[in-house]
Amino acid sequence: MSCPVSHPPLPTQRVDPLMPPPEYAAFLEEAPITKVLDFVGQEAWLVTRYADVRAVLGDPRFSSDFIPPELAGVARPDEPVKPFIRLDPPEHTRFRRALTGEFTVRQIRLLEPGIRQLVEDRLDELERAGHGADLVELVSLPIPSLVICQLLGVPYSDHTRFQEDSKQLLTKDLAPEERMKAGNRLREYMLELVHLKQREPDAALMTRLIERSEEMEQPFSDLELASIGLLLLIAGHETTANMIALTTVALLRQPEKVEALRADPSTVDKFVEEALRLLTIVQHGVRRLATEDIEVGGTLIRKGEWVLASLAAGNRDPEVFAEPDELDPTRKRITHLSFGFGPHQCLGQQLARVELQIALAALFRRFPTLRLDLPEGEEIPYKHDMLIYGVHRLPVAW
């Protein structure tokens, strides 16, 4: 009688809070594609090499159109609208095409003056709050939240409502039923917004989507419009907010890097790209489902098997990035994986870059002596409990 094969659990314990679990380095060297049990106990192939991660994310035979196993018991397989990040082409393409023009480099440049003013306003708030002020509460979270609210036409006065639900949606160990409830509340909120913009159109993105939809061969339903808004709202503030705070921590660890940035603010784009690579805030990889037998990096992945493409490991592949654990803004530019790859590569990546560049350059210009201001014995509360990594709070002084 054969014994069942036991697979190691997905590494989740960090030794250094700014580094992924150390097991990833061993996987890259010894077993770049290996079976693990993910954080919900599901057997999956963990893919760690840069080239293999790109291969998985760029291959249409690895599907995004599935119910995640952690929601299998509560999500309806016949749900009327799936988030379009969980759709494959051509269904995914229909959504993507309607949005692409909103996030071009040219369109984002038009937003820059408003973002610069918003950043200065938030730094004024930080200065007024004084020593011990929370950088997350006053700066890193409001900046992307305000930008995405203005872009979509969402009243910022509702931010506590959607931020709490989006936080629950991204909490790792939250009961699946509670996660579904949070998602449903957010969907209902966005549906209310869609109906409002239909009655009272304005110049915001949601109104433009409604108008564009009316000209499409297959117009979006109200639920589909709400689904688009929901995804943009969550992705537009959670990820960038965490990157602003986490990059601040990384730079404060290396004062010489802060001095280099202050001496030449034009290099902020290089600092941002390197921080995006190094910190890779998508903690546990991107899930895909094989729709047929596929060979990746010499390993056969069978139809119906799950894959976790580790962005964090791929971004630290020593075959691609020399000294991968170093924050090196002079590094030769190589496309990192933090925005994903393939048809689902992050639509809002140019907006995120601009927000990060403006926020970080202004922060260290305005507060050259910025430092952490934690009570003795207290540590930074990192988001080990979240699917998107960052810090819960960041008290600072100057």
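The values are calculated or read from the model by the stated rules, or taken from the named source; none is laboratory data. Bear in mind that the values here come from a model prediction, so they are computed numbers and not experimental data. In this analysis, Cβ positions are derived from the backbone assuming ideal geometry, glycine residues included, and neighbour counts consider all displayed protein chains. Heads up: the accessible areas ignore ligands, DNA and RNA and are worked out on the full protein's heavy atoms, side chains in. Shrake-Rupley method; radii C 1.70, N 1.55, O 1.52, S 1.80 Å.
Could you tell me whether segment 193-200 includes any residue that is on the phi < 0 side of the Ramachandran plot, within 23 Å of the chain's Cα centre (by Cα) and charged (D, E, K, R)? Within segment 193-200, not a single residue is on the phi < 0 side of the Ramachandran plot, within 23 Å of the chain's Cα centre (by Cα) and charged (D, E, K, R). Of all the numbered requirements in (1) at pLDDT below 95; (2) surrounded by fewer than 14 Cβ atoms within 10 Å (Cβ to Cβ); (3) not hydrophobic (A, V, I, L, M, F, W, C), S166 misses one, and that requirement is (2). Pairing each residue of segment 369-386 that is part of a strand (DSSP E or B) with any residue that is open to solvent by 70 Å² or more (accessible area, probe 1.4 Å), provided the two are 6+ apart or on different chains, yields C-beta distances under 8 Å for M386/K167. For first residues located in segment 294-308 and touching a residue at least 12 places away in the same chain (Cβ under 8 Å) and over 14 Å from D59 (Cβ atoms), partners that are of a type outside the set (A, V, I, L, M, F, W, C) and surrounded by fewer than 18 Cβ atoms within 10 Å (Cβ to Cβ) and lie 6+ apart or on another chain with Cβ distances below 9 Å form the pairs R302/E292; R302/D293; G304/T291; W306/Q42; W306/E43; W306/P69.
Selection of first residues in segment 56-83 that are under 30 Å from A313 (Cα atoms) and modelled with pLDDT of 95 or more and of second residues that are part of a loop (DSSP other than H, G, I, E, B) and open to solvent by less than 30 Å² (accessible area, probe 1.4 Å), restricted to Cβ pairs under 7 Å at least 6 apart or on distinct chains, gives the following pairs, ordered by first then second residue: L57/G340; S64/L87.
So, of the residues in segment 202-245 that are of a type in the set (D, E, K, R) and within 23 Å of the chain's Cα centre (by Cα), which turns out to be modelled with the highest pLDDT? Here the answer is E224. Determine if segment 140-149 includes at least one residue that is surrounded by 17 or more Cβ atoms within 10 Å (Cβ to Cβ) and outside any helix (DSSP H, G or I). Yes: segment 140-149 contains one or more residues that are surrounded by 17 or more Cβ atoms within 10 Å (Cβ to Cβ) and outside any helix (DSSP H, G or I).
Here F66 meets each of (1) of a type in the set (F, W, Y); (2) open to solvent by less than 30 Å² (accessible area, probe 1.4 Å); (3) out of contact with any helix residue (DSSP H, G or I) (no Cβ under 8 Å at 6 or more places or on another chain) with one exception, condition (3).
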